[in-house]
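Worksheet: one structure, shown below.
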Amino acid sequence: MSKLRLRDFEHTPDVKRADYDNRLLALQYRLQLIQAAYITQGLSGIVAVEGWDASGKGGLIKRLTAELDPRFTNVYSIGAPTKDELAHHFLWRFWQRLPAAREIAVFDRTWYGRVLVERVDKLTPKKSWKAAYETIEAFEAEQRANGTRIVKLFLHITQDEQDKRLRERLETPYKRWKTGLDDYHNRSMRDAYTEAYEDMFDRCDSVPWSVIAADDKKTARLTGLEAVIAALGEGVDLSFPEIDPELRRVAEAALGPLNPASTSAGTTTGD
């Protein structure tokens, strides 16, 4: 059992702007190398992002995908299931979105809705959401058995910080689209959600959760990117093949001699 408790993730040290900018660029470059390895080696990965309303999920995902090739990166914003989706198994809509070889899929909210909002708001019978823990564990195990790497992030913010961000969304006109009545309903159920989140951590930890203290947005983004790099890059060969001799001959005939340092294969592996 993971025994992760949200109260242990409520202190976020602020990061200085210069440190943030430099570290962000370095982490994004590392992600580019990892994605290039996924593309050339036919690998696949899933980044699952959960967290409180206004916890910074969108901001993290924006920095995560900013420098990745969009042809091999898919971001899915998961809301309430449609009528058609409700007619199928609760995992059906996620099966449709699983990454193919060479792809990374990012989920902004996930299949854990069955044991979160559906549990808290009593949208699903207790027997059904309790059974879902085992189903979800099997679903994730199946993806890993198929070679897909999974990283699961949860962004935690305090009630005071959430209230500050909800107020900002209302008082900033172009941010109003980000908030609605559901945010305040969910806010009123914080204790119930805390219990559901912590049960989720304990019951579905074969792929461990990275809980991120997110009161400081910049620190949370860096921590989230570091977790993704660690999970998706572990043991991945980041050495790249030599330039094809025929391609090199044609390129140098057109462009002139290539820089020797750029023609050799790298020898690093992912963190």
Please determine, by comparing only the residues of the stretch 209-220 that are of a type outside the set (Phe, Trp, Tyr) and under 20 Å from ILE150 (Cα atoms), which one is surrounded by the fewest Cβ atoms within 10 Å (Cβ to Cβ).
SER210
Evaluate the following for SER206: is it polar (S, T, N, Q) and either part of a loop (DSSP other than H, G, I, E, B) or surrounded by fewer than 17 Cβ atoms within 10 Å (Cβ to Cβ) (or both)?
yes
Only one of THR148, THR172, THR158, THR194 is in contact with a Pro (Cβ under 7 Å, 6 or more places away or on another chain) and hydroxyl-bearing (Ser, Thr, Tyr); which?
THR148
Checked the stretch 92-123 for anything touching a Phe, Trp or Tyr at 6+ places or on another chain (Cβ under 6 Å) and not in a helix (DSSP H, G or I); matches are ARG97, ARG102, GLU103, PHE107
Out of THR179, THR172, THR194, THR223, which single residue is polar (S, T, N, Q), farther than 30 Å from PHE139 by Cα and either in contact with a strand residue (DSSP E or B) (Cβ under 9 Å, 6 or more places away or on another chain) or surrounded by 15 or more Cβ atoms within 10 Å (Cβ to Cβ) (or both)?
THR179
With the checklist (1) of a type outside the set (Asp, Glu); (2) surrounded by fewer than 20 Cβ atoms within 10 Å (Cβ to Cβ); (3) without any contact (Cβ under 8 Å) to a residue 60 or more places away in the chain in hand, flag the one item GLN41 doesn't pass.
(3)
Counted residues in the stretch 211-256 being in contact with a helix residue (DSSP H, G or I) (Cβ under 7 Å, 6 or more places away or on another chain), assigned to a loop (DSSP other than H, G, I, E, B) and not hydrophobic (A, V, I, L, M, F, W, C) come to 1
Determine, yes or no, whether ARG102 is buried (at least 19 other Cβ atoms within 10 Å of the Cβ) and either more than 28 Å from MET189 (Cα to Cα) or modelled with pLDDT under 95 (or both).
no
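The values are calculated or read from the model by the stated rules, or taken from the named source; none is laboratory data. Please read all numbers here as calculations on a predicted model, not as lab measurements. Glycine also receives a Cβ, built like all others from the backbone with ideal geometry; neighbour counts cover every protein chain displayed.
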